[in-house]
Amino acid sequence: MRLEIASLCDLDSPVRYSERRVLSGDTGSLQLSASELFDSGYTPSGSCNVAVALKRVRYGAVPAAFGGSGWAVGVERRVVTFVSTD
Amino acid sequence: MRHPLLLLCAVALLPACTEVTTARNSNEVGTEHIYAELSATHGGEGSVVVDAELHDSADDAFLRLTGGDELIASNGLASDEIASVDGGLFGGAAEVSNSVLTMTERHRTAWDTLFIEVTSDPTYHAAFNDADLNRPFYVSFLRAIDSVPDIELKLPSSFEITSPSGARPSHGRTPSR
């Protein structure tokens, strides 16, 4: 299993910023600070609708009959939203 | 994520974007040449969404189900068990109808950084509104040209987000796919 995070900043315009990454380890609990929501160092300017999705992913196998292989996963996903401020 | 030939359209130019069909007919590709991507996703409330993509492993082209090929998703019933219930006990059909769904096609559209991805890629989808989370999900690929074992999808253990002060937990919004 692994943990993934996807973060999005919606500036109420056609422009959005988003990114996603894999978090190291799944120890059963996790505390994220605001600076960790966007790993690239992106900082929203002004007020921004932020959505952060955390996913716990469980990997399964694709039958060998699929010669091209692939992946099969079960996902628990939770989302938190808030409005950022300067 | 695999993007064989997607269109990246600057937002301002979106109305000018046109779809380019890159999908191939599934019944023209043997299972031994297919790459499958499947997921079962639970968002914290009752429903579980099962998604599937099939690709030709030679060039990553998306496959559109044709020629009698079908994807069937079930909650807790493998394909051999479905056949057994359907032909067996009185009331079995109702049990099957609640936990077995034919996956339907929908096009993949998603936001990415500063761009909108507009694709005509066929993906397949089924939503279980009252899923039994303790039972696995299965996807059966029913084909006329060969036989394929079920693909099993098991959910990981559940978790919750403890929100900081002022935040608003939500299950209804997906930032991107």
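The values are calculated or read from the model by the stated rules, or taken from the named source; none is laboratory data. Since this is a predicted model, take the numbers as computed values, not measurements. Here the Cβ is made from the backbone with ideal geometry for all residues, glycine too, and neighbour counts use every protein chain on show.
For the reader, a short list of remarks on this structure follows.
- Condition check for A:Asp26 on (1) assigned to a loop (DSSP other than H, G, I, E, B); (2) under 15 Å from the mean Cα position of the chain (by Cα); (3) more than 10 Å from every other protein chain (Cβ to nearest Cβ); (4) surrounded by fewer than 18 Cβ atoms within 10 Å (Cβ to Cβ): one failure, at (3).
- Of the set (1) at pLDDT 80 or above; (2) surrounded by fewer than 18 Cβ atoms within 10 Å (Cβ to Cβ); (3) within 13 Å of chain A (Cβ to nearest Cβ); (4) not in a loop (DSSP other than H, G, I, E, B), all apply to B:His125 but (3).
- Candidates A:Val75, A:Val80 - the one that is modelled with pLDDT of 85 or more, closer than 30 Å to B:Asp56 by Cα, within 7 Å of chain B (Cβ to nearest Cβ) and outside any loop (DSSP other than H, G, I, E, B): A:Val75
- Out of A:Val62, A:Val80, sole residue that is crowded, with 19+ Cβ neighbours inside 10 Å and within 21 Å of B:Ile151 (Cα to Cα): A:Val62
- Residues being more than 10 Å from chain A (Cβ to nearest Cβ) and either of a type in the set (D, E, K, R) or in a strand (DSSP E or B) (or both) - total across the range B:51-78: 11
- The number of residues in the range B:137-155 that are in a strand (DSSP E or B), aliphatic (A, V, I, L, M) and buried (at least 21 other Cβ atoms within 10 Å of the Cβ) comes to 3.
- Conditions (1) more than 9 Å from chain B (Cβ to nearest Cβ); (2) modelled with pLDDT of 90 or more: number failed by A:Ser40: (2)
- Pairs where the first residue, in the range B:25-51, is among the hydrophobic types (A, V, I, L, M, F, W, C) and the second is in a helix (DSSP H, G or I), C-beta under 9 Å, 6+ apart: B:Ile34/B:Ser26
- Across the range A:43-72, the number of residues qualifying as of a type in the set (D, E, K, R) and within 7 Å of chain B (Cβ to nearest Cβ) comes to 2.
- Residue in the range B:68-81 that is more than 17 Å from B:Ser47 (Cα to Cα) and modelled with pLDDT under 70 present: no
- Some residue of the range A:13-25 being more than 18 Å from A:Val79 (Cβ to Cβ) and touching a residue at least 24 places away in the same chain (Cβ under 8 Å): no
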